[in-house]
Every structure is written in structure tokens, then in C-alpha cells.
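Asker: My questions will all concern the structure given below.
Please treat every number below as a calculation from the coordinates, not as lab data. Just so we're clear, the structure is a prediction, and the values are computed from it rather than from any experiment. Glycine also receives a Cβ, built like all others from the backbone with ideal geometry; neighbour counts cover every protein chain displayed.
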Amino acid sequence: MCNNVTKAVEAIRKLESSDQINQIIDAIKLQQTYVARNAARSVQVGTLVTFEGRRGNTVTGEVLKVNQKTIVVRDSATMAKWKVTASMVSPI
């Protein structure tokens, strides 16, 4: 693990109240939202992207729609539509 992650985990383990833990959870949720929205802004409709599917296979497809936190992608191989968290996709 990264040094920053290790330090964060150690600090979390030292917490003693539910209130402190809930504050950490809220901060993590806010950071996840920030990361997902920034990722969604970096992709446009028509962009070719790739991501890892449910069974570990790599899926390549075209962006059909960009939402605040998710992206709808049409798989090039099967023509199936996937609704993917924006932070999971990488432009090709």
C-alpha cells in the first residue's frame, strides 16, 4: 500500500467514537463524488473508452451518455450497454 494510505488506515484504527468514524465516512464519500465527477468531465459522448467488466474482462466501447457520476457505454463487441462509474473508465 501507498505510504499515505497506510498512515490513513493507522489513524482510522486509533479512532474511538462513532462520531469520529462517521466524519471520516462522510469525507470519503465526498472524495468519491469529487473523483467521479471529475472523471465524467474528462469524457464526452462518442469517445472510445475501456474498463474492466464484472468478470475481470476488458470491455471497450463508445460513450453514449455522460451523467454526473456515471457513463453509459455501448460495448463494441456485444453491443450491450453498460452503466459504469466514471472513475472506472479510461479513454483510448
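Asker: Every residue in the stretch 51-69 that is surrounded by fewer than 16 Cβ atoms within 10 Å (Cβ to Cβ), assigned to a strand (DSSP E or B) and either under 15 Å from the mean Cα position of the chain (by Cα) or not aliphatic (A, V, I, L, M) (or both), please.
Answerer: 52, 58, 60, 62, 65
Asker: Of all residues in the stretch 49-87, which are out of contact with any Gly (no Cβ under 7 Å at 6 or more places or on another chain), touching a residue at least 40 places away in the same chain (Cβ under 8 Å) and not polar (S, T, N, Q)?
Answerer: If the condition is that a residue be out of contact with any Gly (no Cβ under 7 Å at 6 or more places or on another chain), touching a residue at least 40 places away in the same chain (Cβ under 8 Å) and not polar (S, T, N, Q), then 86 is the only one that fits.
Asker: Here's a check for you: in the stretch 72-86, which residue that is within 10 Å of the chain's Cα centre (by Cα) and buried (at least 18 other Cβ atoms within 10 Å of the Cβ) is nearest to residue 34 (Cα to Cα)?
Answerer: 86
Asker: Let me ask something additional. Is at least one residue of the stretch 21-31 at negative phi, touching a Pro at 6+ places or on another chain (Cβ under 7 Å) and among the aliphatic types (A, V, I, L, M)?
Answerer: First pass over the stretch 21-31, keeping only residues at negative phi: 21-31.
Pick out the ones that are also touching a Pro at 6+ places or on another chain (Cβ under 7 Å) and you get none.
There is no residue in the stretch 21-31 that is at negative phi, touching a Pro at 6+ places or on another chain (Cβ under 7 Å) and among the aliphatic types (A, V, I, L, M).
Asker: Now a separate question. List the residue pairs whose Cβ atoms are under 9 Å apart, where the first residue sits in the stretch 5-21 and is outside any helix (DSSP H, G or I), the second is β-branched (Val, Ile, Thr), and the two are 6 or more positions apart or on different chains.
Answerer: Close Cβ pairs (under 9 Å, with a partner that is β-branched (Val, Ile, Thr)) amount to 15/21; 15/24.
Asker: Which count do you get for residues in the stretch 35-50 that are in a loop (DSSP other than H, G, I, E, B), within 12 Å of residue 87 (Cα to Cα) and β-branched (Val, Ile, Thr)?
Answerer: Going through the stretch 35-50 one residue at a time, the tally reaches 1.
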